[in-house]
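To start, the structure under review is shown below, and the notes come after it.
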Amino acid sequence: MPSLSPVYRGRFAPSPTGPLHFGSLVTAVASYLEAKSHGGEWLLRIENLDTAREIPGASEEILNTLHLFGMEEDGPVVYQERRQDAYQAALRALGKQNLIYPCNCSRKEIADSSVLGIEGPVYPGTCRDRKYKTEFSGAWRLCTNNNQVEFEDAVQGIRQQRLQRDIGDFVIRRADGVFAYQLAVVVDDAEQGITHVVRGGDLLNSTPRQIHLQKLLGYSIPSYMHVPVVVNAQGEKLSKQTQAAPVDISHPVLQLVKAIRFLGQTPPPEVSENNLRSFWIWAIENWNREAIPKNMSLMF
Ligand code: GLU
């Protein structure tokens, strides 16, 4: 088990929707190098909340690839699928504060009656005043407010959002019973004692929702760093949907060198000829977070 209160505890939290591709390797490497260059711990979490989207065998394949590339976790791997009770307890804690409500508006109803926020339609609050909050099947939303949520991202700088205006009351448990990413990630980061979150820039806009939840649930707020996500020539994030190729496991050091170059590091040519062990020694010693491009996405 990890020690109780490290100065730095980071994590990598892949969704097992396919094998590790170059985009997820970049995020894994960034979170690992940040943790190790701080003398910290690095944990893993498999984000398989939505078991219908999970590809059988993908979790094992991702973990094997990370190990093959020399990244070893400092504690037990957490699987979100097994953590329903913890999410349910958080939902209850929010319910006790009268901060959640059931909603069965359709996507079309929401789109027809709302203004656009930073991630699509802002939920207009139609179900906020529903009387019967328990006997129902549908989604659960969290009440937001217009207080400013501000945080300083270690790469992207100061960011602010007013959740009610920019996002709206958001879903924390879907109508099909699956807990939403926003709730699960906050519960798990708290329980794993994560002090520093390093992940792709596509999640920068989710951070204020997570900080809002952390405050409501009485959790401490980790530091955040969002590194550029890898996009293809069409500007799409590498993913299973965009047919991203799995990383080439026959040449781990070459792939790792590509990943750190993408992150703005400048390894001398001989680092590519190193074995894995000397690659990591070089990369940890020379890791320069100031050199990470301040973009939310970059083409590779
Ligand atoms: N599971 C998410 C993904 O694979 C990452 C979530 C996070 O790091 O907060 O994109």
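Our analysis of the range 258-300 gives Rg over Rh at 1.00, with the two radii drawn from alpha carbon positions and Rh computed by the Kirkwood formula. For the range 165-300, the share of accessible area belonging to carbon and sulfur comes to 53 percent (1.4 Å probe, ligands and nucleic acids excluded). Distance from the alpha carbon centroid of the range 69-143 to that of the range 152-195 works out to 10 angstrom. Residue-wise HN-Hα couplings along the range 79-90, as the Karplus relation 6.51 cos²θ - 1.76 cosθ + 1.60 with θ = phi - 60° gives them from phi, are 10, 4, 4, 8, 10, 4, 5, 5, 5, 4, 5, 5 Hz; Gly and Pro carry x. Amide H contacts under 5 Å for VAL197: SER223, TYR224, MET225, restricted to partners 5 or more places along the chain or on a different chain, H placed in the peptide plane at 1.01 Å from N. For the pair ILE284 and SER220, the difference between a 0.36 nm per residue extended length and the Cα-Cα distance amounts to 20.3 nm. Between the beta carbons of LYS237 and SER137, assuming R0 = 45 Å, the FRET efficiency works out to 0.90 to the nearest 0.05. Applying 0.36 nm per residue to the separation of GLU191 and GLN97 and subtracting their alpha-carbon distance, the gain on full extension is 31.8 nm.
Amide hydrogen proximity for GLY120: with H placed 1.01 Å from N in the peptide plane, no residue at 5 or more positions away or on another chain lies under 5 Å.
Note that the range 76-219 carries a Kirkwood radius of 16.0 Å, evaluated over its alpha carbons pair by pair. Gyration tensor over the Cα atoms of the chain: the corresponding equivalent ellipsoid has semi-axes (square roots of 5 times the eigenvalues, largest first) of 35, 20, 19 Å. Judged by a Cβ-Cβ distance under 4.7 Å, the unpaired cysteines of the chain are CYS105, CYS143. Placing a label point 7 Å from the Cα of THR51 along the Cα-to-Cβ direction, the residues of the range 12-30 with a backbone N closer than 18 Å are 15-18. Our Cα-only numbers for the range 146-300 put the radius of gyration and Dmax at 18.2, 54 Å. The calculated 222 nm mean residue ellipticity attributable to helices in the chain amounts to -9500 deg cm²/dmol, summing -39500 (n - 2.57) over DSSP H runs of n ≥ 4 and dividing by all residues.
Think of a 1.4 Å ball rolled over the protein heavy atoms: the chain then has 48 Å² of accessible area per residue. Packing, as the average of other Cβ atoms within 10 Å across residues, places the peptides 9-18, 219-228, 115-124 in the order 9-18, 219-228, 115-124, highest first. When the Cα atoms of the range 115-196 are aligned to their principal axes, the ranges along those axes come out at 43, 33, 19 Å in descending order.
With a Förster radius of 45 Å applied to the beta-carbon distance between GLU150 and ASN275, the computed FRET efficiency rounds to 0.50.
Does anything in the range 258-300 have its amide N under 12 Å from the 7 Å Cα→Cβ label point of ASP248, and if so which residues? The answer is 258. The residues neighbouring ILE62, those whose beta-carbon lies less than 13 Å from its own, together hold a net charge of -3 under the Lys/Arg +1, Asp/Glu -1 convention. So how tilted is helix 276-286 from the main axis of the chain? Cα-based, degrees 0 to 90, rounded to 10. It works out to around 70 degrees.
The Rg/Rh ratio for the range 1-136 is 1.08, where Rg is the radius of gyration of the alpha carbons and Rh is the Kirkwood radius.
Pairs over the 32 Å Cα-Cα cut-off, from the set LYS96/LYS294; LYS108/LYS258; LYS36/LYS240; LYS108/LYS240: LYS96/LYS294; LYS108/LYS258.
Take the Kirkwood radius over Cα pairs of the range 156-224, plug it into Stokes-Einstein at 37 °C and 0.692 mPa s, and you get 256 µm²/s for translational diffusion.
The values are calculated or read from the model by the stated rules, or taken from the named source; none is laboratory data. None of the values given here were measured: they were computed from a predicted structure. Virtual Cβ from ideal backbone geometry, glycine too; neighbours counted across all protein chains shown. Accessible surface is based on the protein model in full, side chains and every heavy atom, while ligands, DNA and RNA are left aside. Shrake-Rupley method; radii C 1.70, N 1.55, O 1.52, S 1.80 Å.
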